[in-house]
Structure formats: structure tokens, C-alpha cells
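The values are calculated or read from the model by the stated rules, or taken from the named source; none is laboratory data. None of the values given here were measured: they were computed from a predicted structure. Cβ atoms come from the backbone with ideal geometry, glycine included; neighbour counts cover every protein chain shown. These area figures cover heavy atoms from the full protein model, side chains too; ligands, DNA and RNA do not enter into them. Shrake-Rupley method; radii C 1.70, N 1.55, O 1.52, S 1.80 Å.
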Amino acid sequence: MSAPFVYCDYNAGAMLRPAARDALMEALQSPRNPSSIHAAGRRARALLEDAREAVARAVEAQAANVVFTSGATEAAHLALEAARPTARALILSAIEHEALFAHGPRVFDDVRIAPVNADGVIDLAALDAVLARTPAPALVALMLANNETGAIQPVAEAAALARQHGALLLVDAAQALGRVRVSLPDLDATYVIVSSHKVGGPPGAGALILAPGAPFAITRAGGGQEQGRRPGTENVPAIAGFGAACAYATAELDAESARLAALRDAFEAALPNEAVVFARNASRLCNTSLFALPGVRAETALIRLDLDGVCVSSGAACSSGKVRASRVLAAMGVEKAQAEGALRVSFGWASDEADARAAAGAVARLGRSALKGAA
Ligand code: PLP
């Protein structure tokens, strides 16, 4: 009998939504260069612009301000580069994704870190203090929801502080989109970044969305696509799938987030008593649980769960196969030994109660065998 397949790793990559697959497959049927003048090119252009509208609607922005990229990493890099001539320094929250942490220092000489509290939520007083001693205007990067803990950040409050200090604000909404409302105007963001494969679209597409009048230095040369902001032929099939996924993810937001929260809560209620759930006191994404079992290392746990047919992650899974201590948990003050056991379960549109039960059962077995080993 083959092992069941219980997919609980939506924060690494969501299952492809059927509507996204249909849009992707349809776009693959015909030539796909939207810059061509002929009928086939115009058809590709129509698919591209429909998707642009859908992505814009998903973040309550204007379609003309959506710049398609290959994913959130490229969108993050593009935002850093576009803001650089205006911003004199970069302030990163301590829990930003590697896309910003690794590329930030390549673009900015002056990079500062704004700390988070023990629940992985930015410390607004500390942010205010960092802003006060940083040359203005700065670019502040604060994600809307953390990929590891799911902790939702007080972005609108951070934006108010940023504005007081004349700063620009870059909001990474890659994990938030489709799980909480994302409104570029309400967040008062200068830049928002999103990713197709996190929301149930195909990999290979993402977007940088600009507030009206956001500074944008053109840094890349090429064929002038995306109003010259991101040259290179657009990946129309992936973008068409991305647009379809966005339309579903946002139309079903309220009902779906309540359903996912119930699955996540049922999963956590079934965890062994000794399990530690990280960011438990924070407002968290409906679908995410990051936890550790005493005495269980993440590498071992991942293999054991995989043998049980349950796919989960160990904290950040951005570079698959590599299990390393989480920078996010370190920033929260979690001890290294405990951080090394962190496992992330994340549910999504195709998850159901049976998945939550199967995942909890597999984790409970893991906990029991660790206790036996320790005895
Ligand atoms: N930002 C966050 C919060 C993420 O979780 C990820 C992916 O894990 C990224 C950015 C990068 O996204 P992409 O894989 O589309 O480059």
C-alpha cells in the first residue's frame, strides 16, 4: 500500500488551483509574446492585461501600477533598486525574507535592523527609534505576515511612523495574499510584493505593485516591457494562471480563512501537551503553525513525517533540502536547541479535516517515539 499524500506545506508552495491550471493551459495553446502587433500577440496582450487587473484588484491598487516579475524575490530586488536613488538607507524588520536580507546590503550601504518581540511582531517603539537615527528618507521593509511563524505585522501603524520620518515603505505580502485582506492604500505602502505560487498560481510569476507616484528608478535595460520597469518578455502563461488564482483567493477570502483557521486550530489542539507553538500570542495567519517537540530535531522529524506521507517544512524552506537555524526564531529570542526543532505546518485551499487529523496523528507518533527514546 502506498503512503498517503498529506500536503501541509502551502507556505513553501500552494497546490495549483484548478482555475489557475486552466488559465495556464489555455495560454500555452497559442503564441505568447504580448509585444507582437498581430492577432496572436494581441490575444497574449489581452491575457496579460486581464491578469494585471486581477492582481491589482487583489491588493486594491491600479492596474497600471502592477509590474510583473518572475516571483516575489525578483519583485523585492526590483523594489530595492527602484527606491535606491530616493532612499538614503534601508531599514529591515528582523524577520524579513532572505530576498530582502540578502539583496538589501548589495543595494544600500546603510542597512539597519528593526527588532521584533518574543512573538515575532515588530517592536514599533524600536522602529520609531531606528527611524529617528537613520538618515531620511529611509526605505522601511516590513512583511505583512511572516512565512515561518505566520505572525501578522502592524503594517498600517508602522506606515504611520514611516511617514512621520519621511520614509518609504515596502510591504512583502507574499504570504498574506489570499489569507488576509491586502489593501495597498489602507496599508499606506509605497511598494507591495506578491508571488503567484504562494496563492495557488503557477511558479514563475509575481508582481511589484506601486502606490501612485512611488519613486521608481529604471535600472534595467532591455525591450521596454512593463513600461520599461522590468524588461524581458512576460511569462504570459504563468501570469494568466496567477491572475486566475488571485481572483479566487480574494473572492473566497473570508470563508476560506475561517475554514483554514479551524483546521489549524484542530491541528494545534491535537499536538502533544509538551509541544511549543511559536508566536502563539500574536495574531497569526489562519493557515500556519510553527511548533517544536522537545528532544526532536527538525531534520529527523521531516524524514519521519515524510515516511508517513506528510509534507511539512522546517521553519523557512526557501532553499529546499537545507535545514538551518531560523534567523526569525533567533530574532524572537528562541534558544538555538529549540529553534532547531521548529516544524511548520501550513494548510491551503485543498486541505481538509482529514489532512489536519493525519498531520496531527503523525506528529503525535513522532512525539511518543521521542519520549520513548528519552526514557
Ligand atoms: N517573501 C516571502 C514572505 C516568502 O515567503 C517568499 C517565499 O518563500 C518570498 C518572499 C519569495 O517568493 P518567490 O518564491 O516567489 O521568489
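Looking across L131, L144, one residue alone is within 16 Å of the ligand (Cβ to nearest atom) and touching a residue at least 40 places away in the same chain (Cβ under 8 Å). It is L144.
Scanning region 73-115 for residues that are within 14 Å of D172 (Cα to Cα) and of a type in the set (A, V, I, L, M) yields A75, A76, L78, A79, L80, I91, L92, A94, I95, A99, L100. Among residues of region 95-122 being in a helix (DSSP H, G or I) and away from the ligand (no atom under 14 Å from the Cβ), the one that is most open to solvent (accessible area, probe 1.4 Å) is R106.
So which residues in region 59-87 are in a helix (DSSP H, G or I) and within 15 Å of the ligand (Cβ to nearest atom)? Before you say what the answer is, go through the steps one by one.
Narrowing region 59-87 to residues in a helix (DSSP H, G or I): 63-65, 72-83.
Answer for region 59-87, where residues must be in a helix (DSSP H, G or I) and within 15 Å of the ligand (Cβ to nearest atom): A72, T73, E74, A75, A76, H77, L78, A79, L80.
Within region 185-236, if we keep just the residues that are closer than 20 Å to P85 by Cα and among the polar types (S, T, N, Q), the residue that is modelled with the lowest pLDDT turns out to be T219.
Taking each residue of region 19-42 that is open to solvent by less than 30 Å² (accessible area, probe 1.4 Å) and looking for partners that are among the basic types (K, R) and not in a loop (DSSP other than H, G, I, E, B) with beta-carbon atoms closer than 6 Å, six or more apart or interchain, yields P34/R45.
Return the only residue of A247, A240 being surrounded by fewer than 23 Cβ atoms within 10 Å (Cβ to Cβ) and away from the ligand (no atom under 16 Å from the Cβ). Before the answer, list the steps.
Numbers: A240 fails: surrounded by fewer than 23 Cβ atoms within 10 Å (Cβ to Cβ).
Step by step, each of A247, A240 is checked, and only A247 is surrounded by fewer than 23 Cβ atoms within 10 Å (Cβ to Cβ) and away from the ligand (no atom under 16 Å from the Cβ).
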